[in-house]
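Just so it is clear, none of the values below were taken in a lab; they were calculated from the coordinates. Everything numeric here is computed off the predicted structure, so don't read it as measured data. Glycine also receives a Cβ, built like all others from the backbone with ideal geometry; neighbour counts cover every protein chain displayed.
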Amino acid sequence: KQVTRYIGSMNGKDFKGLAQVGPLFFPWFQPHLTWLWMAGAIPTKLAYDSKYTDFDLRYRHLQKATIAVQRLFHVSLPSAKDKLKVHLLSHLPDNFRIWGPLSLYAVEIPEQMNGDVRKAIANSNRHSPSRDVAWKF
């Protein structure tokens, strides 16, 4: 219940974990879609993991995994076959080849600095907030 309540505020790491273990722990998953969900966990793992030795092999595995997930979508959920997100999945291997694993360009960590900066501004004398923030860091 908590996962569905806060699903809009999930970050990439939360989504990766949910994608990999969701069908095992949540009884509201439809049993006939469990294989689709589990197949979706494979490209998720391949796209996020930054520990690999052969980049080209990882790229080829990601290509095969995304094609398999798209085919499962077409078979399991025919109404979703023309959805944009299913099509965008086909671009995942090329994006991986260009920019690397998703974990390398996640924004969760840099955005945590916003809270520190906001706190430093709130504790400044407001005459020169940029200088006060710079001194805090």
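Say each of SER130 and ASN114 gets a label point 7 Å from the Cα, pointing the same way as Cα to Cβ; how far apart are those two points in nm?
The two pseudo-label positions are separated by 2.1 nm.
Grab the other residues whose beta carbon is less than 11 angstrom from that of LYS136, score K and R as +1, D and E as -1, and report the net.
0
Beyond 18 Å, what share of the Cα-Cα pairs of segment 31-89 is found? Please give it as a whole percent.
That fraction is 36 percent.
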